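The values are calculated or read from the model by the stated rules, or taken from the named source; none is laboratory data. It should be emphasised that the depicted structure is a prediction, and the values quoted were computed from it without experimental measurement. When we count neighbours, we look across all protein chains shown, and the Cβ atoms used for this are built from the backbone with ideal geometry, even at glycine. We work out accessible area using only protein heavy atoms, side chains counted, and drop any ligands, DNA or RNA first. Shrake-Rupley method; radii C 1.70, N 1.55, O 1.52, S 1.80 Å.
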Amino acid sequence: MSLFPTSDDSLPTFDPESTMFVRVAIERGLDRADGLSYRSDEPVRVGQRVIVPVGRGNTATGGIVIEAGGMELLNGFDPRKVKPISEITSSGIEPGVVELARWMSKYYLCPLGMVLNSALPSAVKSRTGAKTRIGVQVCVSVPEDAEGVLVGKTKFAWEQICGLADDVFPADPKALRVKLGLSNLTPINRLLKAGFLETVEIQSIRAAEVFDLLEQREDTRPMLNEEQSGVVDGISKTLDAFGVHLVQGVTGSGKTEVYMHLIDRVLARGKTALVLVPEIALTPQTAGRFVSRFGGVGVSVLHSGLSASTRHKQWASARDGQSRVVVGARSAVFAPLSDLGMIVVDEEHDSSYKQDSMPRYNGRDAAVKRAQLEGCPVVLGSATPSLESYANAMDGRYTRWRLATRATGGLMPSVRVIDMERDVHRKLDGKNEALRRKTDAIGPSLHDAIVETIESGSQALLLLNRRGFASVVVSTDPQCGWKLECDQCDATMVVHRGSVRTQSGRRYVRCHHCGSERLIPKSCPMTGKPVVELGAGTQRVEEEIERRYGELLSLREGEGFARVDSDSMRSAKDYFRTLDRFGSGALKMLLGTQMIAKGLDFPNVSLVGVLSADTALYLPDFRAEERTFQLVSQVAGRAGRGSTPGRVLVQTLNPLSPAITLAAEHRYDTFASQELTNRRLAGFPPCTRMARVVIRHKDHARAHAIALQIGDALRRDGVEGVQITGPMECVISKIANQYRWSIELVAPRANLIQLALGRVRAEGLLKSDASCGIDVDPIWLM
């Protein structure tokens, strides 16, 4: 050995030809689709999570193996300079999910490592709740000479053990002692010493059972009607191949029963099934129905309301094959299921399938891609399909199935659109005149309906998709124009009661964008005149209900009715308990945001009131009409699911809006056709494809300069057919002290946008990080 070795002399020596090399996508924002190269002294599979050294300091960093092989992975790089893997962990994802992540990284322009980081829950990486204990099992080779060992209690114990089922082992020694009826562990210890039994490590996850919160009804397996049978039989003919099926069924048409009959057939073929539902609709009712039906083959439930250890346990159950059905929210699209036979996306139109942070993927579209990779069908279900799915069905890319009637034969609820300008002037009888105020959110017609419904023993739902007490604080001087705004955001502050602190009797207001709070001033800082709180939120309506119906109908918060929004429902348990009380009849009415608009099936609900159908109608977003139609239709569908006919009252200041009138008439196809025509004329999706780049910086001029630089680069490297708009200030121009500028790209095909953004990305000008967000197929333009 040389006294002064060269750099080559200091390199490790090994046989490169017999060494395994891998490529690893590290869990950082490193924008390399091919990953980093490492060598492994042990076998490792694609999808395995490993710890690798990164950079000159060899910082230990987690990552996922995306490719494994020999020296061909090095592309001529000196194999002796390739660093070894530091650790191979016990966690990982399915190889099919790795391919899905590759597609998502390319389509959504997000570093592959960041996508893979989202695919594996942090609770799984950290093995939260995992415990290792010692168990015993029967040795594979039992000693022939048993003389002197199998006598007395030891012989009795061995004979009992031989009669036990294989799935009893490995067993905890103490539990085995009880099962065998022994008074102590001496016979088991003798069998261990003699070689009849051996010790093994038992891996388990200590966590609360998710099913404790679920509503598990007796599974009656209702007979399918003719429409349902037609859908099930038709889709069942395609179970061997990829295909997208859009099940468009009115609310209450039995779409869930269709899904479960299809899953029955998938399980009978030895396959597994994945069911995605919006987080907001993943109620004890929804998940409980699947657990009741498929509990025998194992069901895992995955959603954000689970503790870390419970999430780990549910994930591990699916990974180990103990659960053949997974029901979960958006991120469950990465569930570790093998032999996947079907994916179901319920309420496929719901905006919560779109993630608003990196990676900004749409769970519905990712599910379609995973089904394509797995070679299985995907079923998209909704009463009000997204215009993207509807357009694909009209163009023949998706197969469309219709469920036009309610499964029980009941009628759709009658819907009445109430012009609030006229309704507030309608004369009430003398008895109720004193109950009305000009600021009341519940108009006279809805008031009458509430009284009639509650007095008849039925239940009611009231929807107002705006939380808080008041939406703005303004000066009483009409010439002033002052309003209380967040000093960190370009937005007004929202008044809350109860959930926001007070000081010397004065209340704070909260910004819904950054969460900051400010004290409500005693007077207008511009004129010195008093201030007033305008606009109704769920808290103000809650106060109104107690004032108007506390004595009249015994409706008091927590007793006769409850408010359901993200302020009052602090955890999944709060939400589930409230729904349980409503289902039992302890609560007569629910007031809430869109949390009560879907996923609920209570047969005693005969009245639904929409307090303001205009909440989202005039947002500067081309999807505003579509969202309004869907919300009104969905919440209306909660009424009349039992024997009592349902009715819906929709309060609005825009009674002639097509989104409201057509929703009231249950005319989805007419609305969709008209809206698609409008989108086509305006050049908006789904008739085109869109991407949005949002630049954020604490300095306004710097944010503008970066946006101009990216905009100029996009135009310089322009792709024919791609229309570039901006940079322009976002509608909400500042959030959390970050100024926001946006650039919008519109093209006839998605690949043109990928090409345009890819060119600028290759120059290093466009990165998905804290200061620059790339949103492909955006659903919000605020």
Report task. Identify which of the listed values of log10 I(q)/I(0) by the Debye sum over Cα atoms at q = 0.04, 0.08, 0.11 Å⁻¹ was calculated from the structure shown: (1) -0.56, -0.93, -1.21; (2) -0.18, -0.73, -1.37; (3) -0.21, -0.81, -1.37. Result -> (3)
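If R0 is 51 Å, what FRET efficiency do you get for Asn751 and Arg547 from their C-beta distance, rounded to 0.05? Let's see the in-between values first.
Details: r = 58 Å, r/R0 = 1.14.
It comes to 0.30.
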Report summary line: Rounded to one decimal in nm, the spacing of the 7 Å Cα→Cβ label points at Met728 and Asp264 is 5.3 nm
Query - Cysteines (scope the chain) whose Cβ has no counterpart Cys Cβ under 4.7 Å - result: Cys110, Cys139, Cys162, Cys376, Cys480, Cys514, Cys524, Cys687, Cys730, Cys772
Requested in this report: Could you grab the relative contact order for segment 694-771? Cα pairs under 8 Å, six or more apart, rounded to a whole percent.
Outcome: 37 percent
Report task. State the answer as a single residue: which of Val82, Ile66, Tyr107 lies farthest towards the positive end of the charge dipole of segment 54-109, with beta carbon charges of +1 for Lys and Arg and -1 for Asp and Glu, about the Cα centre. Result -> Val82
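Report the net charge of residues surrounding His697, where surrounding means a beta-carbon distance below 11 angstrom and charges are Lys +1, Arg +1, Asp -1, Glu -1.
Working: positive: Arg696, Lys698, Arg702, Lys734, Arg740; negative: Asp699.
Result for the local shell: +4.
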Report summary line: The summed charge of the Ala404 Cβ neighbourhood (under 15 Å; Lys/Arg +1, Asp/Glu -1) stands at +1
Query raised in the report: In what order, largest first, do Trp401, Trp158, Trp315 sit by accessible area if the probe radius is 1.4 Å?
Result: Trp401, Trp158, Trp315
Query raised in the report: Top to bottom by accessible area (1.4 Å), largest first, where do Asp395, Asp574 land?
Result: Asp395, Asp574
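Given a 1.4 Å probe, how much area per residue of the chain is accessible, in Å²?
Working: 35020 Å² over 782 residues.
Heavy-atom accessible area per residue stands at 45 Å².
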Report task. Run down the aspartates and glutamates and flag those whose C-alpha is under 16 Å from the C-alpha of Lys81, throwing out any fewer than 8 positions away in its chain. Result -> Asp8, Asp9, Asp15, Glu17, Asp41, Glu72
Requested in this report: Go through Lys106/Lys767; Lys131/Lys193; Lys153/Lys174; Lys483/Lys529 and tell me which ones have a Cα-Cα distance over 21 Å in this structure.
Outcome: Lys131/Lys193
Report summary line: Excluding residues fewer than 8 positions from Lys237 in its own chain, the lysines with Cα under 21 Å of it are Lys255, Lys271, Lys369
Query raised in the report: Relative to the first principal axis of the alpha-carbon coordinates of the chain, what is the inclination of helix 152-162, with its axis defined by its Cα atoms, in degrees from 0 to 90 and to the nearest 10?
Result: 60 degrees
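Can you compute the helix-only [θ] at 222 nm over the chain? Use -39500 (n - 2.57) per DSSP H run of at least 4 residues, normalise by all residues, nearest 500 deg cm²/dmol.
For the chain, the value works out to -9000 deg cm²/dmol.
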Query raised in the report: Of Gln709, Asn751, Trp741, which is farthest along the charge dipole of segment 689-755 in the positive direction, counting Lys and Arg as +1 and Asp and Glu as -1 at C-beta?
Result: Trp741
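Carbon and sulfur together cover what percent of the accessible area of segment 592-713 at a 1.4 Å probe radius? Intermediate values should be presented prior to the final figure.
Numbers: 2480 of 4480 Å².
Answer for segment 592-713: carbon and sulfur cover 55 percent of the accessible area.
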**Report entry** segment 618-649 residues near the modelled Glu665 label - backbone nitrogen below 20 Å, point 7 Å along Cα→Cβ
**Finding:** 625-637, 647-649
